[in-house]
Amino acid sequence: MKLAQETTEATKHDILDKAFARFGHYGFGKTTMAEIAKDCDMSAGNLYRYFENKKEIGAGCARRCMQQKLELVREIVRNKKLNPSKKLQRFTLDILDYMHQQFADQPALMELVDFISRERWDIVQQYMDQERSLLSEILSEGNRSGDFNIPDVLETAKWIQASLIKFIAPRYMDAFPLKELRKEASGVTALLIEGLKA
């Protein structure tokens, strides 16, 4: 039973890999289930055993991308070598690097982003809540260490998310060179850190 579950999960993983690559090249709208099935060397009928429709595959791709982003943030939060200010800098720049790598050379992926934003906002909201929670951990650590003086950590985490949206969301990734975005991100984060200090 366990082997069957592992095989199913591995197959789903492969489907999401192939679908994400196709969405990035051709766009979400033009991609069909038959094309994804062909990329996976399976029949369309077999593909439907794993995903009900293309929207579910798109949602799976989005969830996985967001989970990878969250794992980046978790690594930063757990890094005992970084002080809270450095963690906040790394939060911005590491996510920016990840997002730019995913989206800068694949502008067609914005169709998937638009679909998720329009029809599956619940996925985005869940991600934002988790990201805000991890940001709050960095801010709370700063309060404990005396680096920051933040009366309302959760509310401040929400404001930080809003102020960094250009650097941590996919919308601007193909519009600006990474070097320019990194420079802006560093400047904005430095201003935020200055404002958070005790």
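Any read-out appearing in this document is the output of simple, stated calculations on the displayed coordinates, not a laboratory observation. This one's a predicted model, so the numbers in the text were calculated from it and none came from an experiment. Every residue, glycine as well, gets a Cβ built from its backbone with ideal geometry; the counts of neighbours run over all protein chains shown.
Taking the Cα atoms only, what angle lies between the long axis of helix 153-163 and the longest principal axis of the chain, rounded to 10 degrees?
70 degrees
Per DSSP H run of n ≥ 4, the term is -39500 (n - 2.57); total these for the chain, divide by its residue number, and report the mean residue ellipticity at 222 nm rounded to 500 deg cm²/dmol.
Value at 222 nm, helices only: -25500 deg cm²/dmol.
If you take every residue apart from residue 94 with its C-beta less than 12 Å away from the C-beta of residue 94, what net charge results, scoring Lys and Arg +1 and Asp and Glu -1?
+3
Taking the Cα centre of the stretch 31-164 as the origin, how large is its charge dipole in debye, to the nearest 20, when only Lys and Arg (+1) and Asp and Glu (-1) carry charge on their Cβ atoms?
400 debye
Can you tell me, using C-alpha contacts under 8 Å and at least 6 residues apart, the relative contact order of the stretch 125-198 as a whole percent?
Computed value for the stretch 125-198: 36 percent relative contact order.
Suppose the chain between residue 191 and residue 154 were pulled fully straight at 0.36 nm per residue; how much longer would it get relative to their current alpha carbon spacing?
Computed gain between residue 191 and residue 154 is 11.4 nm.
On C-alpha positions alone, give me the angle between the axis of helix 110-119 and the longest principal axis of the chain, in degrees, nearest 10.
Helix 110-119 sits at roughly 90 degrees to that axis.
As an exercise, identify the trypsin sites (Lys or Arg not before Pro) in the stretch 78-134 lying in DSSP coil whose Cβ has no more than 12 other Cβ atoms within 10 Å.
Passing sites in the stretch 78-134 are 80, 81.
Over the chain, what is the relative contact order in percent, taking alpha-carbon pairs closer than 8 angstrom and at least six residues apart?
Dividing the mean separation by the residue count of the chain yields 24 percent.
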